[in-house]
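One structure below.
The values are calculated or read from the model by the stated rules, or taken from the named source; none is laboratory data. As the structure is a prediction and not an experimental result, all values here were calculated from the model. Here the Cβ positions follow ideal geometry from the backbone for every residue, glycine too, while neighbour counts run over all protein chains shown. Heavy atoms of the whole protein, side chains included, go into the accessibility calculation; ligands, DNA and RNA do not. Shrake-Rupley method; radii C 1.70, N 1.55, O 1.52, S 1.80 Å.
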Amino acid sequence: EREHSVVCDVHCELLMIRQEDLIDLVQTVPESEEYIKWYAQRVLDEEPAVTFCEFCGMMGHSVTDCQELSDLATRRSCEAETQQSEGGSGVGQSRTPRQVKLVPDQEKVNGSAWTISPTE
């Protein structure tokens with residue numbers, strides 16, 4: 001039985017593996033114990049190879065390190081700056097894109113909100 005609820009902003013699938021199932025697997029296939037412990041440690045250590053991005057679906061990074069999402073945020077920031085400058089006296093000026101990154105909004109409990117932050 002689950003003890004916690006999971007809320008997702010994007011499509012995802014939840015695979016629940018009970019500890020009893022892993023114990024049964026190890027009893028049935030003793031060779032699996034070493035692999036299960038090795039993989040579990042990798043998950044606990046948050047190794048990139050066992051991490052999947054919630055935004056792009058690719059493995060090897062999390063949403064906080066997603067280059068595709070960062071590029072999208074940079075483009076949108078540039079578009080907003082261009083629209084703002086076209087509304088004033090800067091019509092026709094080309095702007096150099098500034099790199100931005102997305103950071104979790106610490107005020108949101110579930111971490112689902114992201115804020116655009118300029119990089120240094």
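Quick look at the values:
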quantity: Solvent-accessible area of ASP24 with every protein chain in place, 1.4 Å probe, in Å² to the nearest 10; calculated: 80 Å²
quantity: GluC sites (Glu not before Pro) within the stretch 2-82, DSSP loop, no more than 10 other Cβ atoms inside 10 Å; calculated: GLU3, GLU13, GLU31, GLU46
quantity: Accessible area (Å², 1.4 Å probe, nearest 10) - LEU25; calculated: 70 Å²
quantity: Solvent exposure ordering (accessible area, 1.4 Å, most first) of VAL29, VAL63; calculated: VAL29, VAL63
quantity: Computed E for GLU20/ALA49 - FRET, C-beta separation, R0 30 angstrom, nearest 0.05; calculated: 0.65
quantity: Distance between modelled label sites at TRP38 and GLU79, nm, 7 Å Cα→Cβ extension; calculated: 4.6 nm
